[in-house]
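One structure is given below, encoded as structure tokens.
The values are calculated or read from the model by the stated rules, or taken from the named source; none is laboratory data. Keep in mind it's a predicted model, so treat the numbers as computed, not measured. Glycine also receives a Cβ, built like all others from the backbone with ideal geometry; neighbour counts cover every protein chain displayed.
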Amino acid sequence: MLVSDDSKLVTKARFLSTQARDRFPYYQHLEIGYNYRLSSVASAIGPWSVACFTTTDCIKTTQLYDLHLCFGKFTRNRIYAGS
């Protein structure tokens, strides 16, 4: 569902959401669009996978991100160059 007071913006968003396919008897794409439609299997798995995501997972992800911020700029060669 799209909500906006700008009809041109809604039209453009709908155009891009259908893979930006132009209305020709053959497939022609002048712009790059997206396909956000889910299959029934993906729709069924989605809520289950979100329910399995625990607080522990969030903490681990945050810790890994913090490590990346601290040490992400170093490469293995620079860290072990002296040994």
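A compact table of results
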| quantity | calculated |
| --- | --- |
| All positions within region 1-31 that are among the aliphatic types (A, V, I, L, M) and over 16 Å from the mean Cα position of the chain (by Cα) | MET1, LEU2, VAL3, LEU9, VAL10, ALA13, ALA20, LEU30 |
| Pairs, first surrounded by 10 or more Cβ atoms within 10 Å (Cβ to Cβ) in region 36-53, second part of a loop (DSSP other than H, G, I, E, B), C-beta under 8 Å, six or more apart | GLY46/LEU38 |
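Residue-wise test of (1) modelled with pLDDT under 80; (2) in a helix (DSSP H, G or I).
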site	(1), (2)
ARG14	no, yes
PHE24	yes, no
ILE45	no, yes
VAL50	yes, yes
LYS60	no, yes
GLN63	no, yes
